[in-house]
Structures are given as structure tokens and as C-alpha cells.
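Participant: Here it is, the structure, as C-alpha cells.
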Amino acid sequence: MGIGRASLRATVVTMRLAGAAFGSALAMAPIATSPSAAQATLENEQMLLEADTLTYDQDTGIVVASGDVRIAYQGRRLVAQRVEFNRNTSRMYAFGDVEMVDADGNRHYADELDVTDDLGEGFANAIRIETTDETYFAAESGERQDGSVTTFNSGVYTACKPCEEHPEKPPIWRVKATKIVWNGEEKTIRFINSRLELFGLPIAYFPVLEVPDHTVKRKTGLLSPSLRFGTYTGTGLVVPYYWALSPTYDLTTTVTGYTKQGFLTEAEWRQRFNNGAYSVKAAGIYQLQPSAFPGGTVDATTTLRGMIGSKGEFRINPRWTFGWDVMVQSDKNFAHTYNIDGYNQYYRDDQIYLTGLNDRNYFDLRAHRFSVQESILGLGGTEVQPWVLPSFDYTRKADEPVAGGELTLNVNAQNLYRSNLQTTPTALVAGTNIPGVQGANGRLTTEVEWRRTFVSPGGLLVTPLLAVRGDAIYSNLSATTVAAMAPITVGGVPITDIRSAYFRYMATAGMEVSWPVLFASDRSSHVLEPVAQVFARPNAPYATTLGIPNEDAQSFVFDATNLFERDKFSGYDVIEGGVRANVGLRYSGSFDNGWTAQAIGGQSYHLAGINPYNPFGAASPVVPNLVNAGAFSGLETSRSDYVALVGLTSPRGLSVAAGGRFDETTLEVRRVDLRASASAGTVSIGANYAYIQAQPLYGFATDRHQLTVNASARFLENWRIFGSGTYDFVSGALLQDSIGFGYADECFAFTLQALQMRSAGGPTTTSVGFNFSLRTIGDFGQSTSGLGLGL
């Protein structure tokens with residue numbers, strides 16, 4: 001019999017998962033008088049079917065639904081032009097533009113489909129599957145078993161969307177295999193007799209390859225291997241294995257086989273909690289050929305090498321954070337030599353810290369151990385690095401105004417120990433620099449500052465300032481340090497005063513006056529702000545005495561960015577005294593075409609007392625803080641050099657900034673910093689130029705000129721080319737240059753880069769590396785270092 005365009009929502013058919021007479025139910029549905037009785041009999045399992053025509057052959061037991069057939073059952077949906085159900089075999093056959101959506105939302109397409117009555121198992125010809133994560137399967141035929149295992153014969157897999165304009169065009173990458181087994185229960189995809197194709201060309205063959213399916217974020221299994229090349233280690237094959245032990249912790253073990261040095265083993269444990277996470281990493285190797293490394297190096301003098309390191313950070317509560325990053329190793333260069341990820345930095349800072357942040361209050365407590373991963377035997381960079389146990393910073397701003405102004409408390413403390421004297425670089429004149437003393441020293445600094453801004457009716461801003469600071473310093477220097485400091489004299493007079501304790505104070509009374517004036521027109525607005533400051537202080541205690549170590553104020557650059565700072569030294573170990581005035585001009589402007597401009601410039605004046613940047617006067621540039629911080633800074637004279645900074649920004653990606661320092665009398669250029677960047681469409685370019693006049697006391701006997709340029713361009717939508725170079729005008733040499741290109745889209749990324757580095761009088765170091773990433777498959781990479789000098 002037939003039913004014209006019947007919607008079986010009016011005649012709901014129910015069935016059991018096994019053994020139900022679906023055909024009989026379909027035949028009886030139009031005349032069923034007790035749907036509730038049928039549902040009770042069939043345990044409330046409902047199948048919804050809609051078709052243009054529905055027929056039932058009682059002799060053969062076959063139900064045929066034809067014409068825009070739609071079936072929905074247990075979260076699965078099927079659409080076809082014709083569907084036949086065999087009551088005797090409980091099999092369903094679908095023909096013509098078959099589309100089935102499973103319970104997970106994955107779409108199955110086929111010319112013909114043979115499935116069980118619950119749509120859970122079956123066989124299909126010319127099958128395609130699109131998963132919810134936009135991964136794609138296609139095969140000549142496919143079979144689904146046990147409700148979760150799908151086998152594809154002569155199949156193809158990719159995570160790249162088909163090209164809409166040219167669907168016949170192969171995707172960027174795909175895996176072709178004689179058989180593909182997708183296990184939905186174990187969440188794996190296994191490829192048998194497979195080959196990886198890139199842009200339609202085969203690049204790799206795998207007898208058996210198994211990867212997690214698109215639903216898996218973490219799963220136990222082999223990760224993508226990679227290659228390493230090194231002059232001294234040989235070719236290395238890196239094979240990592242991932243252990244998904246729990247939703248909150250996992251383990252990665254890695255074995256790297258080097259042709260010259262043997263097997264490097266690594267293991268990293270990671271664990272995550274609600275308030276943080278930590279990791280522990282260990283690595284080791286028994287070097288087979290230490291002699292392959294250059295003679296007289298750490299690498300060449302040891303056989304059994306290893307390290308263990310840990311990182312972690314935990315949020316104790318919304319205000320407090322505790323963390324660490326520490327490593328110990330068998331020698332000072334193992335992790336750098338073998339490129340142990342996360343611990344291979346040339347300059348290492350092992351630390352444990354506790355930080356707190358609440359509103360405008362800040363707390364930071366840290367312990368540091370600095371080191372240099374170098375191959376030098378004996379006394380090198382590592383041996384002159386200090387332990388800092390601890391360093392401490394605390395800032396608190398009063399919640400309520402004090403006398404109408406803002407009150408700020410700053411506390412800083414540090415305690416250092418260094419086992420060897422550091423005297424590099426050696427000054428070219430006036431003795432020896434001592435960047436690091438041998439022995440122990442510490443300092444506790446407390447400073448209170450109050451400031452308040454008054455606004456006059458004419459817009460004049462007047463900001464008085466009061467500050468009081470006290471330092472308690474202890475020093476336990478070695479005899480070696482004392483002997484190194486003793487020869488430093490001024491005019492033949494020793495300036496060294498070694499004590500076990502120092503106490504110093506500083507009181508400051510200051511005033512800042514500024515008058516921002518707005519100039520506006522229809523097309524632009526400008527703010528011009530003259531600024532004048534004066535700070536009155538007594539002379540800094542021990543300003544002409546060499547003895548107090550300088551650990552945190554060694555870097556000093558006077559430019560427009562710190563022109564209006566009360567204390568221009570970079571740290572607390574050196575203190576600024578005397579009376580000083582700062583005068584300058586600030587400007588900002590905006591234009592209706594989107595351009596903006598900023599500028600600042602001015603000069604500083606030493607008015608009275610001892611100039612902390614040249615305490616002995618113009619006759620001697622020596623500054624008694626062990627590293628001569630402040631010498632040749634532009635502040636060593638009563639009237640400082642001029643400093644200025646100008647910046648322009650356009651709405652179309654152009655940005656230019658220029659800063660400089662100029663002699664106060666001749667306007668001779670002392671320092672220049674130029675920065676520019678621009679982008680237009682898919683092209684971007686940037687450049688940095690720096691000129692620094694000779695600073696003999698810092699160990700730089702000649703002027704320094706360097707230019708760095710970098711550029712990148714995108715083309716053909718997904719391709720990119722990039723490069724950079726650094727040129728030293730003094731030596732007339734290209735210090736570094738690199739070039740590379742890459743491709744990236746939603747399913748594939750690839751980069752290839754070559755880099756060369758040159759040092760004066762030394763060999764050229766060349767490195768070449770590439771990396772490509774296949775979505776859902778993994779990352780593959782290789783690097784080559786030391787073609788001229790390296791591992």
C-alpha cells in the first residue's frame with residue numbers, strides 16, 4: 001500500500017535497538033489505534049520518518065520510503081532519495097545523495113549506504129565524512145562496526161577545507177592510506193600503508209601511523225619526531241612520547257640519538273591545580289665523543305652530563321602569587337649545549353619569588369642566582385655572578401590624601417654574595433672598573449615621598465614635593481676586592497674608604513611648575529607645556545668615597561625620557577645629592593587626518609653642592625661608584641647636554657621617532673637613537689639606528705654606530721617573506737643577517753629561515769631551520785647550527 005507525503009510525526013513509530021519489527025511498525029502505523037500501547041511495548045524508543053511515498057510489501061517484509069526521505073533516531077539523522085528497510089534482516093539501505101549526521105554532529109556522505117536499523121553500523125560506497133572540527137575523510141568504501149569503529153578502504157584524510165572554486169584540486173596536505181581505521185571509542189585514527197602528500201606531492205611514507213582524532217586535546221602516544229644537526233654533536237633524531245596520565249598531570253619522555261654523542265634522554269612532568277601549575281624536567285647524556293668538542297672547553301672535558309629543573313606558579317589568593325624557576329646541572333653549559341627547552345638561555349636567572357598586588361600597593365620578594373651557560377673552563381661569566389638572597393621591593397600609597405597630597409612609601413632591600421671578583425670590562429683610564437665585588441654586601445633603603453598639585457585660575461600647575469630617604473649598608477669585602485680598589489686615586493690621593501657598615505640619608509624639597517596651553521583650530525589641536533623643576537638636597541654622603549658597592553645602578557643613560565626624574569640613577573646603590581634644576585618643554589598634537597605628534601626636550605642644571613655625576617670636577621671624570629656610572633653621561637658639567645625626543649604617528653601605519661643628546665656648548669652630537677616603522681597593505685618595514693660617542697670609562701674607546709633593518713611582506717594571501725640585518729659602521733661589517741619565508745593558513749603552516757652571525761676576528765656562525773605544522777597531525781622541524789661554529 002502507499003501513503004502520499006506522510007509525515008510520521010502524526011504516526012510516530014517506535015522500535016527497540018535489537019529485534020524490533022521496524023517494517024511491521026511502519027506498515028501498522030497509519031492504522032494504529034493505540035500509540036501509547038505501542039510505545040509501552042517498544043520501551044519509548046521513537047524513530048521519526050518523513051517521505052513522499054511509503055510502501056510495504058508483506059510478502060518480502062520490505063518497507064520502501066522514497067522521495068526526500070528524512071529519518072531521525074537517537075540523535076542520528078539520515079537524508080536520502082530512497083530508503084529500503086528489510087524486516088527480516090533489520091537492515092536499512094539508502095540510495096541517492098545520502099547524508100547522515102551521527103550523534104556527535106559528524107556528517108557522512110555516500111552514494112549508497114547499508115546500515116542497521118539503529119543507524120549505528122553499516123557499509124557505504126564512495127563515502128565522505130566531515131567532522132565537527134573541520135577534518136575530512138574520503139574513501140572508495142567504508143564500514144562502521146560496533147557503533148564506534150569506522151574503516152575506510154583506499155582512504156584519504158586531511159584537515160584542510162576543500163577549495164570551493166576548484167573542488168577537484170588536492171588540498172595543501174593529505175594522508176593517503178590503503179586503510180584508515182577511525183576508532184571513536186579510543187579516539188584514534190590509524191593509517192596503514194600511508195603516505196603524506198604536500199601540495200599533491202608525496203613527501204613521506206609510513207607503514208603504520210596513528211594519531212589522535214579531532215576530539216582529543218591530550219592523549220598518550222608518540223609525538224612528532226624532529227631532527228637536529230650540530231657540528232660537535234652530530235645528527236640527532238628527536239623522538240618524544242607523551243603520557244596522558246590524568247586530566248591534571250602528564251609526562252613527556254624524549255630520546256634524542258646523536259651520531260657523535262649517543263643518546264640524550266629527557267623527561268618532563270607537568271601538573272595543574274585549580275590555583276596554578278608546576279613542572280619538573282630532567283635530562284642526561286653519556287657523551288661518547290667529548291673530544292669532538294673544541295679542546296679546553298667544558299663540553300670536551302666531561303662525559304656524564306645532566307640537569308634537573310623546575311618551574312611553577314601558584315595564585316595563593318587574588319592578591320598573592322608564589323612561583324619559581326630553578327635549575328641545577330652537572331656543569332655550567334649542559335642545558336645550553338644540548339638546547340634543553342626552557343632551560344637553554346645563555347644568561348640564566350634562577351629565582352624563587354612571592355609577589356602581592358592590591359590596588360596601588362605592591363610587594364615583591366625574590367631570591368636570585370645568576371649564571372652564564374658558557375663553555376669557558378675555570379673563571380668565566382658564571383663564576384663572577386652573584387647570589388641575591390633576597391631582593392625585596394615594597395610600595396604603598398596612602399588610601400586617603402595626606403595634607404591634601406599623595407603619600408608614597410618605598411622600601412628596597414638586597415643581600416648579595418659573590419665568590420669571585422668581577423673586573424670586566426677594564427676601564428681604559430683612571431683605574432679598574434669593578435662591576436661585582438667579591439664577598440657579601442647588603443642594603444636596606446626606605447623612602448617616603450609626598451606630593452600635591454595645585455591648579456591656579458590661569459591653568460598653572462604647581463606641584464611641591466618632599467622626600468626623605470635612609471640607607472643602611474653593610475659590606476664584607478674580600479682582601480682581593482680591597483686590593484683592586486686601593487690603586488684608584490684622584491690627583492694621587494686615594495679615595496677608597498672600606499667600612500663594614502655605612503649609614504646615609506637624603507632629604508629632598510622640590511617644586512615642579514608647568515603650564516599646559518591648548519591651541520586648537522578646525523583641523524588640529526596642540527598642547528604646549530613648559531616645565532621647570534628644582535630639587536634642593538644636601539650633598540650625597542660618601543659622594544667622593546670609593547667603598548660602597550654598586551650592583552643595581554650600573555646602567556645609566558641620560559636622555560629625554562628621564563629628564564624630569566628626581567633621581568636619574570637606575571637603582572638605589574648610588575644616591576643623587578646637591579641642588580639640581582630641570583627645564584624643558586613638552587608637546588603633543590593631533591590632526592584631523594589622523595596624524596599625531598609628541599615631543600619633549602630640555603636641559604638639566606647642577607646649581608649647588610657636589611655633582612654626583614662628576615664629584616671631583618672637570619679635571620677628572622672618575623665617579624667613585626666602582627663602575628663610573630654617570631661619567632660621560634652629559635650630566636657631568638654644571639649645564640648638562642641638551643636632550644630631545646620627537647615622535648610622529650600616522651593612521652596608515654607610519655611611525656617615526658628620533659631622540660638625541662647634544663653638547664651643551666658646541667651642539668656636537670653625543671648620542672642619537674632613530675626608530676622608524678611603516679606598513680602599507682601587506683608590506684611592513686622597520687629600522688633602528690644608534691650612535692653613541694666613545695665612553696672610555698665604560699670600556700668603549702671608540703664611537704659606536706649600528707643600523708638594524710627588518711622587513712616582511714605577504715603575497716598570494718598566505719605566503720610571507722621576511723628578513724633582517726644589522727650593520728656596524730665602525731668595523732664596516734654586517735654583524736647579522738637573516739632571510740626566510742613562510743606559509744600559513746587554517747590547516748598548515750611552514751617557515752624556512754637562514755641566519756648568519758659574525759664577530760670581529762672570529763668565524764661566521766650560520767644556522768638554517770625550518771618548521772611545518774599540520775593541524776591535527778603535529779609539528780615537524782629541523783635546525784642546522786654551527787656550519788661555521790656551533791654545536
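Participant: Quick check, is G571 modelled with pLDDT of 95 or more and either buried (at least 17 other Cβ atoms within 10 Å of the Cβ) or under 25 Å from R504 (Cα atoms) (or both)?
Facilitator: Values: modelled with pLDDT of 95 or more: no; either buried (at least 17 other Cβ atoms within 10 Å of the Cβ) or under 25 Å from R504 (Cα atoms) (or both): yes.
In short, no.
Participant: Let me ask something else. Within the range 167-181, how many residues turn out to be open to solvent by less than 20 Å² (accessible area, probe 1.4 Å) and in contact with a Gly (Cβ under 9 Å, 6 or more places away or on another chain)? Lay out the reasoning, then the answer.
Facilitator: First pass over the range 167-181, keeping only residues open to solvent by less than 20 Å² (accessible area, probe 1.4 Å): 173, 175, 177, 180.
From what is left, the residues that are in contact with a Gly (Cβ under 9 Å, 6 or more places away or on another chain) are 175, 177, 180.
Of the residues in that region, 3 qualify.
Participant: Here's something else I'd like to know. Would you confirm whether or not the range 155-166 contains a residue that is exposed (fewer than 15 other Cβ atoms within 10 Å of the Cβ) and within 15 Å of A139 (Cα to Cα)?
Facilitator: Checked the range 155-166: no residue is exposed (fewer than 15 other Cβ atoms within 10 Å of the Cβ) and within 15 Å of A139 (Cα to Cα).
Participant: State which residue is nearest to E121 (Cα to Cα) when the search covers only the range 87-96 and only residues that are under 56 Å from the mean Cα position of the chain (by Cα) and open to solvent by less than 40 Å² (accessible area, probe 1.4 Å).
Facilitator: Quick first cut of the range 87-96, residues under 56 Å from the mean Cα position of the chain (by Cα) only: 91-96.
In the following step, the residues that additionally are open to solvent by less than 40 Å² (accessible area, probe 1.4 Å) were identified as 92, 94, 96.
Working: M92: 10, A94: 13, G96: 19 Å.
So the residue we want is M92.
Participant: Residue check: is D133 closer than 27 Å to L48 by Cβ and not in a strand (DSSP E or B)? Show your work before the answer.
Facilitator: On the way: closer than 27 Å to L48 by Cβ: no; not in a strand (DSSP E or B): yes.
Taking the combined requirement at face value, the residue does not satisfy it.
Participant: Could you count how many residues in the range 307-325 are within 21 Å of F363 (Cβ to Cβ) and open to solvent by 20 Å² or more (accessible area, probe 1.4 Å)? Spell out the reasoning first.
Facilitator: If we filter the range 307-325 for residues that are within 21 Å of F363 (Cβ to Cβ), which is where we start, we get 312-325.
Filter again for open to solvent by 20 Å² or more (accessible area, probe 1.4 Å), leaving 313-320, 322, 324-325.
Residues flagged as within 21 Å of F363 (Cβ to Cβ) and open to solvent by 20 Å² or more (accessible area, probe 1.4 Å) within the range 307-325 amount to 11.
Participant: Then there is this: Between Y241, Y232, Y278, which is of a type in the set (S, T, Y), open to solvent by 20 Å² or more (accessible area, probe 1.4 Å) and free of Cβ contacts under 8 Å to residues at least 24 places away in the same chain? It would help to see each step written out before you state the result.
Facilitator: Numbers: Y232 fails: free of Cβ contacts under 8 Å to residues at least 24 places away in the same chain; Y278 fails: free of Cβ contacts under 8 Å to residues at least 24 places away in the same chain.
Matching residue, one of Y241, Y232, Y278: Y241.
Participant: Answer yes if at least one residue in the range 329-338 is in a strand (DSSP E or B), in contact with a Ser or Thr (Cβ under 7 Å, 6 or more places away or on another chain) and under 27 Å from Y242 (Cα atoms), and no otherwise.
Facilitator: Filtering the range 329-338 for residues in a strand (DSSP E or B) gives 329.
Then keep just the ones that are in contact with a Ser or Thr (Cβ under 7 Å, 6 or more places away or on another chain); that gives none.
There is no residue in the range 329-338 that is in a strand (DSSP E or B), in contact with a Ser or Thr (Cβ under 7 Å, 6 or more places away or on another chain) and under 27 Å from Y242 (Cα atoms).
Participant: Quick one: L377 ticks every box in (1) surrounded by fewer than 18 Cβ atoms within 10 Å (Cβ to Cβ); (2) within 15 Å of V448 (Cα to Cα) except a single one, so which number is it?
Facilitator: Status for L377: all satisfied but (2).
Participant: Evaluate the following for Y587: is it among the aromatic types (F, W, Y), in a strand (DSSP E or B) and closer than 20 Å to V557 by Cβ?
Facilitator: Working: among the aromatic types (F, W, Y): yes; in a strand (DSSP E or B): yes; closer than 20 Å to V557 by Cβ: no.
No, not satisfied.
Participant: Within the range 743-752, which residues are more than 25 Å from H214 (Cβ to Cβ) and buried (at least 16 other Cβ atoms within 10 Å of the Cβ)? Before you say what the answer is, go through the steps one by one.
Facilitator: Start the filter on the range 743-752 by keeping residues that are more than 25 Å from H214 (Cβ to Cβ), which leaves 752.
Across the range 743-752, there are no qualifying residues.
Participant: Moving on. Can you tell me which residue in the range 595-636 is surrounded by the most Cβ atoms within 10 Å (Cβ to Cβ), limited to those that are hydroxyl-bearing (S, T, Y), part of a loop (DSSP other than H, G, I, E, B) and under 43 Å from the mean Cα position of the chain (by Cα)? Walk me through how you get there before you give the answer.
Facilitator: Initial filter on the range 595-636 (hydroxyl-bearing (S, T, Y)): 596, 604-605, 613, 620, 633.
Then keep just the ones that are part of a loop (DSSP other than H, G, I, E, B); that gives 613, 620, 633.
Add one more test, that the residue is under 43 Å from the mean Cα position of the chain (by Cα), and what stays is 613, 633.
Working: Y613: 27, S633: 24.
Selected residue: Y613.
Participant: Considering only strands (runs of 3 or more DSSP E) fully contained in the range 683-738, which possess at least 3 residues that are at pLDDT below 85 and within 19 Å of F770 (Cα to Cα)? Give the steps one after another, and end with the answer.
Facilitator: Details: elements: 683-692, 704-715, 719-728.
Passing ranges: none, list empty.
Participant: If you don't mind, another one. Could you tell me how many of the residues in the range 117-136 are open to solvent by less than 40 Å² (accessible area, probe 1.4 Å), at pLDDT below 85 and either out of contact with any Asp or Glu (no Cβ under 6 Å at 6 or more places or on another chain) or of a type in the set (F, W, Y) (or both)? Reasoning before the result, please.
Facilitator: Of the residues in the range 117-136, the ones open to solvent by less than 40 Å² (accessible area, probe 1.4 Å) are 117-120, 122, 124, 127, 129, 131, 135-136.
Cutting the leftovers down to at pLDDT below 85 gives us 117-120, 122.
Filter once more, so that each one left must be either out of contact with any Asp or Glu (no Cβ under 6 Å at 6 or more places or on another chain) or of a type in the set (F, W, Y) (or both): 117-120.
Total meeting the criteria: 4.
Participant: Any residue in the range 107-116 that is part of a loop (DSSP other than H, G, I, E, B) and open to solvent by 30 Å² or more (accessible area, probe 1.4 Å)?
Facilitator: First, pick out the residues of the range 107-116 that are part of a loop (DSSP other than H, G, I, E, B): none.
No, every residue in the range 107-116 fails to be part of a loop (DSSP other than H, G, I, E, B) and open to solvent by 30 Å² or more (accessible area, probe 1.4 Å).
Participant: Among the residues of the range 466-482 satisfying the criterion of being surrounded by 19 or more Cβ atoms within 10 Å (Cβ to Cβ) and at pLDDT 95 or above, which is farthest from N550 (Cα to Cα)?
Facilitator: Applying the filter and picking the extreme gives A467.
Participant: Please count how many residues of the range 348-374 are open to solvent by less than 20 Å² (accessible area, probe 1.4 Å) and of a type in the set (A, V, I, L, M).
Facilitator: Number of matching residues: 1.
Participant: Ok, one more. Suppose we keep only residues that are assigned to a strand (DSSP E or B) and hydroxyl-bearing (S, T, Y) within the range 302-328. Which one would you say is nearest to the chain's Cα centre (by Cα)?
Facilitator: It comes out as S310.
Participant: Take the residues of the range 757-781 that are more than 26 Å from V216 (Cβ to Cβ) and open to solvent by less than 60 Å² (accessible area, probe 1.4 Å): which is modelled with the lowest pLDDT? First the steps, then the outcome.
Facilitator: We begin by selecting, within the range 757-781, every residue more than 26 Å from V216 (Cβ to Cβ); these are 757-770.
When the remaining residues are screened for being open to solvent by less than 60 Å² (accessible area, probe 1.4 Å), the result is 762, 764-769.
Working: G762: 58, T764: 72, T765: 72, T766: 75, S767: 74, V768: 76, G769: 78.
My answer is G762.
Participant: Shifting gears a bit: For the structure I just gave you, tell me whether F152 is more than 14 Å from T776 (Cβ to Cβ) and either open to solvent by 10 Å² or more (accessible area, probe 1.4 Å) or in a loop (DSSP other than H, G, I, E, B) (or both). Before the answer, list the steps.
Facilitator: Numbers: more than 14 Å from T776 (Cβ to Cβ): yes; either open to solvent by 10 Å² or more (accessible area, probe 1.4 Å) or in a loop (DSSP other than H, G, I, E, B) (or both): no.
The answer is no for F152.
Participant: Related question: Just give me the residues in the range 57-86 being in a strand (DSSP E or B), open to solvent by 40 Å² or more (accessible area, probe 1.4 Å) and either touching a residue at least 60 places away in the same chain (Cβ under 8 Å) or over 15 Å from L113 (Cα atoms) (or both), in sequence order.
Facilitator: Within the range 57-86, D57, I62, D68 qualify.
Participant: Checking L716 against (1) touching a strand residue (DSSP E or B) at 6+ places or on another chain (Cβ under 8 Å); (2) more than 22 Å from T561 (Cα to Cα), only one condition comes out false. Which one?
Facilitator: Unmet condition: (1).
Participant: Which ones in the range 245-275 are modelled with pLDDT of 90 or more, more than 27 Å from A300 (Cα to Cα) and not in a strand (DSSP E or B)?
Facilitator: If the condition is that a residue be modelled with pLDDT of 90 or more, more than 27 Å from A300 (Cα to Cα) and not in a strand (DSSP E or B), then L245, S246, T248, N274, N275 are the ones that fit.
Participant: Could you grab me the full set of residues in the range 643-675 that are assigned to a strand (DSSP E or B), of a type in the set (K, R) and under 30 Å from the mean Cα position of the chain (by Cα)?
Facilitator: Taking the range 643-675 and keeping what is assigned to a strand (DSSP E or B), we get 643-649, 655-662, 669-675.
If we keep only those that are of a type in the set (K, R) as well, we get 661, 670-671, 675.
Listed by number, the list holds a single entry, R675.
Participant: Mind listing whichever residues of the range 483-498 are open to solvent by 60 Å² or more (accessible area, probe 1.4 Å) and hydrophobic (A, V, I, L, M, F, W, C)?
Facilitator: So in the range 483-498, the residues open to solvent by 60 Å² or more (accessible area, probe 1.4 Å) come out as 483, 487, 491-494, 498.
Matches in the range 483-498: A483, V493, I498.
The values are calculated or read from the model by the stated rules, or taken from the named source; none is laboratory data. Note that the structure is a prediction, hence the values are computed from the model and not measured. Reconstructed Cβ throughout: ideal geometry from the backbone, glycine too, with neighbour counts over all protein chains shown. All accessible areas refer to the heavy atoms of the entire protein, side chains included, with ligands and DNA or RNA removed. Shrake-Rupley method; radii C 1.70, N 1.55, O 1.52, S 1.80 Å.
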